[in-house]
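Below: the structure, in structure tokens.
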Amino acid sequence: MRVYDLILKKRNGSALNKAEIDFLINGYVQGKIPDYQMSALMMAIYFKDMNEEETLNLTGAMVNSGDTIDLSAIPGVKVDKHSTGGVGDTTTIVLAPLVAAAGAPVAKLSGRGLGHTGGTLDKLESIPGFKTEMSLDDLVAAVSQIGVAVAGQTGNLVPADKLLYALRDVTATVDSMPLIAGSIMSKKLASGADALVLDVKTGDGAFLKDREAAFELARMMVAIGNRAGRKTVAVVTNMDQPLGAAVGNALEVKEAIETLKGEGPPDLEELCLTLGGWMLTLAGKCAHPDQGRDLLMKTIASGSALEKFKEMVRQQHGNDAVAEDLSLLPQAGKVVAVKAPSGGYVQRLEAEAIGLAAMSLGAGRENKDSVIDPAVGIMLNKKIGDPVQVGESLATIHASVDAQAELLNSVQKMVIEAYELQDVMVEKEELILGVVE
Ligand code: URA
Ligand code: CA
């Protein structure tokens, strides 16, 4: 087999077979295939797409490129969730302890943020002392003991994805459906959960801005999961505006704690109850997601969800007193209101722009070596559909004490431009767009 011939074959629109895909992925991971040929292949896939069979084979080849995690020592059906990445998406920090408190073990491997989207590990590390680095043995022990752990990737999981993602990131080939599906599902299959709930985001703040494309990605990932023997469900959700009110690491932990107390923003709570209801269903803890939702609401009301969060924080060496005293979380040195230059109803609130504004304050990474400031970010006081008076606070900027006026002005401008106000009332947008089983 020659790499050139396979690039040509894909470029001309033909499907690659399993042996060919294995050859390409293995060759690349072993360093036998140079970046320039793999880049050309990625671009050919971007334009010519892959069918379900090819995507399945791509995912399998990626899983086989490294270690896989065995969670079988943990009793029960282990259920995982994954989001394709949004702005202000704090769901994992709510869901992991919430679902665990309702009786389904959650061994969650999470990632860090890049660009306008945040990462769960960065958020959790804003809790004083919290450690996300865990050996596989410690992860299994933690989940066996208290039913939950949220950790960084341990071991050499899917090295093919690390290499391919870095390559795609600099060759404008991230937003290809089969490449996204292969990337996400290879990591999920390698991390060993028995069941999986996917939150596929669509809209301004998501990789896939187009709704139809999001449903197609959802169908593809559900097919891959089920064919690999994992019960998989995808919920397609709206990411036109950021989720909840908080965008920024410590701010989102605060919002997650409030949600675990039943005092969180309605959209974040709704998403957590929907995804969590499915997680409990797949874990066999209830017959239907609506029953799961009821169970979760009871878990919140009784205080056991918050208790489980505290247990998880203690288990991972963090200070669990943050759950009762939010001022123990890192606090921004400068807090500045963004005043509405005109009145009306919020028509649009561009998630990506808010994510980028938070990133420029230091809440996110411009490149993978950027250092994050856990305290900074943006609190949104108005969301789509809300009425706004001139001069009212649209949002609040949480900045570092040494943030310069220039930075504050530019962030203020970005936030104002992210809001589109109109005189006519607008309907609040639907958050849950559909479920693919
Ligand atoms: N998230 C991933 O893990 N991989 C992608 O390719 C896109 C989003
Ligand atoms: Ca949020």
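The values are calculated or read from the model by the stated rules, or taken from the named source; none is laboratory data. Just so it is clear, the model here is predicted, and its values are computed rather than measured. Counting neighbours? That spans all protein chains shown, and the Cβs are built from the backbone with ideal geometry, glycine included. These area figures cover heavy atoms from the full protein model, side chains too; ligands, DNA and RNA do not enter into them. Shrake-Rupley method; radii C 1.70, N 1.55, O 1.52, S 1.80 Å.
Only one entry of Val94, Val77 meets the criterion of being over 20 Å from Leu208 (Cα atoms), open to solvent by 20 Å² or more (accessible area, probe 1.4 Å) and either within 16 Å of ligand 1 (Cβ to nearest atom) or β-branched (Val, Ile, Thr) (or both), and that entry is Val77. Scan Asp290, Asp325, Asp267 and give me the residue that is of a type in the set (D, E, K, R), under 27 Å from Asn381 (Cβ atoms) and in contact with a Gly (Cβ under 8 Å, 6 or more places away or on another chain). Just one listed residue meets the conditions, Asp267. On inspection, Val174 does not qualify as closer than 20 Å to Ala104 by Cβ and within 18 Å of the chain's Cα centre (by Cα). Scanning the stretch 316-358 for residues that are assigned to a helix (DSSP H, G or I), out of contact with any helix residue (DSSP H, G or I) (no Cβ under 6 Å at 6 or more places or on another chain) and open to solvent by less than 30 Å² (accessible area, probe 1.4 Å) yields Ala351, Gly355, Ala358. Within the stretch 135-169, being open to solvent by 30 Å² or more (accessible area, probe 1.4 Å) and more than 16 Å from ligand 1 (Cβ to nearest atom) holds for Ser135, Leu136, Asp137, Asp138, Ala141, Ser144, Gln145, Gly155, Asn156. The residues on offer are Gly86, Gly31, and the sole one that is out of contact with any helix residue (DSSP H, G or I) (no Cβ under 6 Å at 6 or more places or on another chain), part of a loop (DSSP other than H, G, I, E, B) and open to solvent by less than 10 Å² (accessible area, probe 1.4 Å) is Gly86.
Regarding the stretch 185-201, can at least one residue be identified that is open to solvent by less than 20 Å² (accessible area, probe 1.4 Å), touching a residue at least 40 places away in the same chain (Cβ under 8 Å), within 14 Å of ligand 2 (Cβ to nearest atom) and assigned by TED's automatic domain parsing to the domain that holds Leu136? Yes, the stretch 185-201 contains at least one residue that is open to solvent by less than 20 Å² (accessible area, probe 1.4 Å), touching a residue at least 40 places away in the same chain (Cβ under 8 Å), within 14 Å of ligand 2 (Cβ to nearest atom) and assigned by TED's automatic domain parsing to the domain that holds Leu136. Could you say whether any residue in the stretch 49-71 is aliphatic (A, V, I, L, M), modelled with pLDDT under 95 and outside any helix (DSSP H, G or I)? Yes, there is a match, as at least one residue in the stretch 49-71 is aliphatic (A, V, I, L, M), modelled with pLDDT under 95 and outside any helix (DSSP H, G or I).
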